[in-house]
Amino acid sequence: MQRLTRTQLRRVGGIVAAIALVVLVVTDTLSAETQYPHWNNDTLDKRPYIFTQQNNVEGREGAPPHTQKVRIGYPLQVQLPGNPAVWTFDAGVSTLVEPRGWTMVFSPDRIPGTQSIFVFDFVLSPDAAHGDEGVIVLTTSDLPEALDMVLPQGVFAVKFQVIDPK
Amino acid sequence: MDRRTFMQRAAAATVGAQALGVSTAMAQTGDALRSLPELRANGTHLSTDLIIEMGVFQVGKRTIKVPAYRFADMEAGSLPGPTLRIKPGDTFEWNLINRMVPNGIPDGATKEEIAAFNQLEFTNVHTHGLQVSPKPGGDNVYQQVGPGDPPQPYRYAVPGPETGRPQPAGLYWYHPHRHGSTTHQAWQGLSGAIVVEGDIDQVPEIARAKERVIVMNALLVNPAGEVPRAMIAPNAGFSPFTSIPSMPTDIILTLNGQLQPVIDIQPGEVQRWRMLAAAPHRFYWLDLEGHDFYQIAQDGIPFATPKPVKRILMAPGNRAEFLIKGSQPGTYKLRAVEYEQGHPGGARPGWVIGTMEVGGEIKSDPVPTTLVEPPTMPDLPVVQKRTVTFKGEISGNLAKGAFVDGSDHGGQHGTGLPPVQFYLDGKVFALDRIDQHVVAGTVEEWTLVNEDVFQHPFHIHVNPFQVVKINGQPIYDDTWWDVIALPSKGQITVRMYFRPDVDGKTVYHCHILPHEDNGMMANMLICPPGSDPYELPEDNQTCSA
C-alpha cells in the first residue's frame with residue numbers, strides 16, 4: 001500500500017475533521033429538534049421540578065394555555081408566598097400526583113403581605129406513563145393583594161404532561 | 001463509570017474533540033487545585049483572540065456542557081477562562097469570537113420559544129476593574145456579538161505611571177456584560193482573571209510566596225449539565241433559581257472549575273491567594289478552618305499593611321487577595337459559610353468549597369509588615385452629591401411598564417407579567433437614557449439606598465470608590481472597592497474620583513447579575529474635564545446643551 005506523505009496526511013486529517021464537524025453539527029441540530037434529549041447526569045440525585053407563582057397561568061388574563069413537560073422519576077415541588085395566607089393542596093382536582101408533605105420557610109419582607117414561602121413536595125403517581133396529563137392545584141382564601149394578578153382568585157395550577165425519554 | 005474508565009474515555013474523546021474546537025477537561029472531587037492557563041504580555045503589548053467555544057467538562061460526578069473561553073494560542077477552552085497577565089502602561093487587544101451553540105432548551109419547547117431566547121447566545125466582554133476607556137473599541141459594554149458574527153476587536157490602554165495614577169497592581173477580571181444574557185453566561189462559567197503585576201509583587205515576602213489564582217464560579221445546571229435556556233425566577237431551597245418552563249436545576253460551586261479541590265501548603269509556608277467571586281448571585285463568606293487571612297488587597301487595590309481577618313465576605317464581582325500561613329499538619333476545610341443575603345427562603349446554605357492540606361517540611365516564612373503605598377483620594381471638593389435607590393420586585397405580579405422604560409422586559413406566556421423586575425431610581429435599564437452626567441477629574445459622593453431585603457452589590461465601571469458612611473454614620477476606612485454590598489434596608493455613601501484621563505458612556509449596576517439583567521443598571525456619561533453637564537436632561541447623550 002502506498003504510504004501517504006505528511007501533506008496528504010494533513011489533508012486526510014482535515015477531511016476527517018470536517019466530516020466529524022458536519023456530523024457534530026448535524027447531531028447537534030437533530031438533538032435540538034429532538035423533543036426529549038438524553039440527560040447525561042440523569043443517574044445523580046434528582047432535584048425537583050420547582051414551580052412558583054410565576055409558573056402559574058391559571059386564570060391570568062391573556063395567558064395562553066401552557067402544559068409543562070415532566071420526566072418520569074423526578075420529584076415536583078410547588079413554592080408559594082403566604083403567611084398569613086395559607087395555601088392548601090386541592091386533592092379533589094389535582095391528578096397524577098401524590099403529596100409528599102409540606103412546610104413553611106421563613107421569608108419575611110420579600111413580597112408584601114407575606115412572611116413565608118409554603119413548600120409542597122409531590123411525586124408522580126406510580127401509574128404515570130409517557131403521554132399522560134395531570135395537574136397540581138393549590139388554593140388560598142386569603143390571597144394578599146400583592147399576588148392578585150399572578151395568582152388570580154387565589155388559585156395556583158400547573159398542568160403537566162409526563163414524558164419518558166427512554 | 002469508574003474514574004479510570006472515565007479518564008480513558010475522556011482522553012480518547014479529547015483527541016477527536018480538540019480538532020473540532022470542542023474543549024474537554026476533567027476534575028474529580030479531591031483533585032489538587034489546578035492552575036489555569038495563562039497568557040502574559042510580551043514587552044508592553046499583547047494581542048490575541050478571545051474565543052468562546054462549546055466545551056464538555058467533568059465537574060465532580062457531572063458532565064457539564066457549556067461555552068468556554070480560550071486565547072488564540074490555546075488548543076482548547078478552559079472552565080473558567082485563562083488568566084491574562086499585564087502591567088500598568090501595557091496595551092492589549094483581543095478579537096472577541098463567539099461560537100456559542102444553544103443548549104439547555106426546555107423539553108417540548110417550540111421553534112418560536114427557542115428563537116425567543118436567541119439573545120442568550122449574544123455576548124460581549126467587560127474588563128472589570130480596569131481603569132480604561134469605555135468608549136467603542138475599548139471596554140464597551142454596549143457592544144454585542146452574536147454567534148458567527150465577525151470577530152469584534154477590543155483594545156485597552158492600561159494606565160501607566162506617566163498618568164500619575166497607574167492601574168494598581170492586583171486582581172481584576174473579564175466576563176460577558178451583554179445586558180440580558182450576562183447571568184446566563186456567568187452561570188455557564190464564562191469568566192477569567194486579569195492579573196496586573198507591579199509594585200506589590202516586589203515586596204520580598206510576597207515575591208517569595210507561591211501564588212494561586214482562584215476563580216470561584218457557581219454553575220446552575222439541569223440534569224443534562226446545561227444551563228436552562230429560559231426565564232429564571234428565584235425560589236427557596238438548595239438551588240436558588242428555577243426556570244419557566246421548569247426544569248430540575250442544581251447549583252455547583254467550583255474553584256478553578258473543580259468541585260472541592262485540595263490546596264497543599266507546608267507548615268509555616270506563606271502562600272498568596274488571589275480569589276475572584278465570579279458567581280452571578282452567591283455571596284461567599286469565606287472561612288478557612290484554623291487559619292486567618294492576611295488580606296493584602298481588595299478589588300485589585302493593595303493595602304499599606306496586611307490586615308489579619310478571620311473571615312472575608314465576597315459579594316459577586318469582588319476580589320480578595322490575601323496571604324495564608326500553613327499551621328499544623330492536617331486537613332482544613334475552606335468554607336463558603338451559610339450567609340443571609342436576602343434571597344427568598346432565607347440564607348444560602350454553607351458549602352465546603354475546598355480543603356487545604358498542610359504537610360511536608362516545616363518552613364518559617366514571614367508575613368510582611370508593610371506593603372506598598374495605596375492610591376489616595378485627591379484632596380478636592382465634592383462637586384456633586386447624588387442618591388441612587390435600589391428596589392426589586394419578585395412577586396411576578398406587576399405588569400411590564402409599571403416602571404419607567406420597562407417595556408423591554410416583557411412577561412412570560414404573553415401575560416405581560418415579567419417574573420421579576422429590578423430598578424434604580426424607579427427605572428429599569430434603557431440604552432439611550434443618561435441617568436447621570438459626571439465630569440472627569442472631579443470627586444463626587446453617592447448615597448446608595450437599598451429598599452430591599454436583598455443585599456444589592458453596587459458596581460460602577462472605570463473608577464473605584466471608598467466608603468465614607470454606612471446608614472449616615474461616618475466610616476474611616478481607606479479601602480478601595482469596585483463592588484460593595486449594600487446592607488438590607490440600609491444605605492452606604494461612597495466617594496469616588498473620576499480619573500481625568502477617561503471619559504465616555506458606561507454603566508453602574510447591581511452585581512447580582514439576575515438583578516442587572518432584569519433592569520437594575522443605569523448609564524453614566526463621564527464628560528471631559530471642564531464640562532458643565534449637571535443640568536442636562538436624560539435624553540442628552542452629549543456633554544453640552
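Listed by chain and number, the aspartates and glutamates whose alpha-carbon sits under 14 Å from that of B:LYS363, ignoring those within fewer than 8 places in the same chain, are B:GLU205, B:ASP264, B:GLU269.
Buried by at least 50 Å² relative to the chain on its own: which residues of region A:141-163 qualify, computing accessible area with a 1.4 Å probe on protein heavy atoms? Relative to the lone chain, where solvent access is computed with a 1.4 Å probe, region A:141-163 loses at least 50 Å² at A:MET149. Ignoring ligands and nucleic acids, what accessible area does B:TYR508 show with a 1.4 Å probe (Å², nearest 10)? So the heavy atoms of B:TYR508 present about 0 Å² to solvent. Label reach from B:ARG311 (point 7 Å along Cα→C-beta): in region B:425-463, amide nitrogens under 17 Å belong to B:455.
Solvent exposure of region B:382-527, expressed per residue, is 29 Å² of accessible area, with all protein chains present and a 1.4 angstrom probe. Averaged over the residues of B:390-398, the number of partner chain Cβ atoms lying within 10 Å of the residue Cβ comes to 6.
Against the criterion of solvent-accessible heavy-atom surface with a 1.4 angstrom probe, B:LYS111, A:LYS46 sort, most first, into B:LYS111, A:LYS46.
Rolling a 1.4 angstrom probe over the protein heavy atoms with all chains in place gives region A:49-163 an accessible area of 42 Å² per residue. If R0 equals 25 Å, the separation of the Cβ atoms of A:SER141 and A:GLN161 corresponds to a calculated FRET efficiency of about 0.25. When B:ARG34, B:ARG311, B:ARG348 are compared by accessible area at a 1.4 angstrom probe, the order from most to least is B:ARG311, B:ARG34, B:ARG348.
Straightening the chain between B:ALA115 and B:GLU38 buys 24.1 nm, computed as 0.36 nm per residue apart minus the Cα-Cα spacing. Across region B:268-276, coupling constants 3J(HN,Hα) worked out from phi with the 6.51/-1.76/1.60 Karplus curve, θ = phi - 60°, read x, 7, 9, 10, 10, 10, 10, 10, 10 Hz, and Gly and Pro carry x. Charging the Cβ of each Asp and Glu at -1 and of each Lys and Arg at +1, and nothing else, the dipole of region B:3-199 about its Cα centre rounds to 560 debye.
Rolling a 1.4 Å probe across the protein heavy atoms gives region B:115-177 an accessible surface of 34 Å² per residue. The spread of Cα positions in region A:66-166, taken along each principal axis and listed from longest to shortest, comes to 44, 23, 22 Å. Counting protein heavy atoms only, region A:49-163 has 53 percent of its accessible area on carbon and sulfur, 1.4 angstrom probe. Pairs exceeding 30 Å between alpha-carbon atoms, taken from B:LYS391/B:LYS505; A:LYS159/B:LYS427; A:LYS46/A:LYS159; B:LYS210/B:LYS307: A:LYS159/B:LYS427. Among DSSP beta bridges lying fully in chain B, give the percent that are antiparallel, nearest 5. Antiparallel bridges: around 70 percent, rounded to the nearest 5. Contact residues in region B:223-251 by the 50 Å² criterion (accessible area, 1.4 Å probe, full protein complex versus chain alone): B:PRO223, B:ALA236, B:SER246, B:PRO248.
The share of accessible area on region B:207-358 that comes from carbon and sulfur is 51 percent, using a 1.4 angstrom probe. Once A binds B, the 1.4 Å probe can no longer reach about 3800 Å² of accessible area, counting both sides. Counting only heavy atoms of the protein chains and using a 1.4 Å probe, A:ASP109 has close to 90 Å² of accessible surface.
Shape index of the protein assembly as shown: Rg/Rh, with Rg the Cα radius of gyration and Rh the Kirkwood radius from the inverse mean 1/r over Cα pairs, equals 0.97. For A:MET149, the solvent-accessible surface computed with a 1.4 Å probe is close to 90 Å², ligands and nucleic acids excluded.
Using a Förster distance of 22 Å, how high is the FRET efficiency between B:THR542 and B:THR389, based on the Cβ-Cβ distance and rounded to 0.05? Here the calculated transfer efficiency is 0.25. Applied to region B:130-146, the Karplus parametrisation 6.51 cos²θ - 1.76 cosθ + 1.60 on θ = phi - 60° returns per-residue 3J(HN,Hα) values of 6, 8, 10, 4, x, 6, x, x, x, 7, 9, 7, 8, 5, 9, 10, x Hz, with x for Gly and Pro.
Shielding by partners for peptide A:74-83, expressed as the average number of C-beta atoms from other protein chains within 10 Å of each residue's C-beta, is 3. Diagonalising the gyration tensor over the Cα atoms of region B:3-199 and scaling each eigenvalue by 5 before taking the square root yields semi-axes of 30, 22, 14 Å, largest first. Cysteine residues of chain B whose C-beta has no other cysteine C-beta under 4.7 angstrom: B:CYS510.
The values are calculated or read from the model by the stated rules, or taken from the named source; none is laboratory data. Note that this is a predicted model, so its numbers are computed, not measured. Cβ coordinates were reconstructed from backbone atoms using ideal geometry, including for glycine residues, and neighbour counts include every protein chain displayed. With ligands, DNA and RNA removed, areas are computed over all heavy atoms of the protein, side chains included. Shrake-Rupley method; radii C 1.70, N 1.55, O 1.52, S 1.80 Å.
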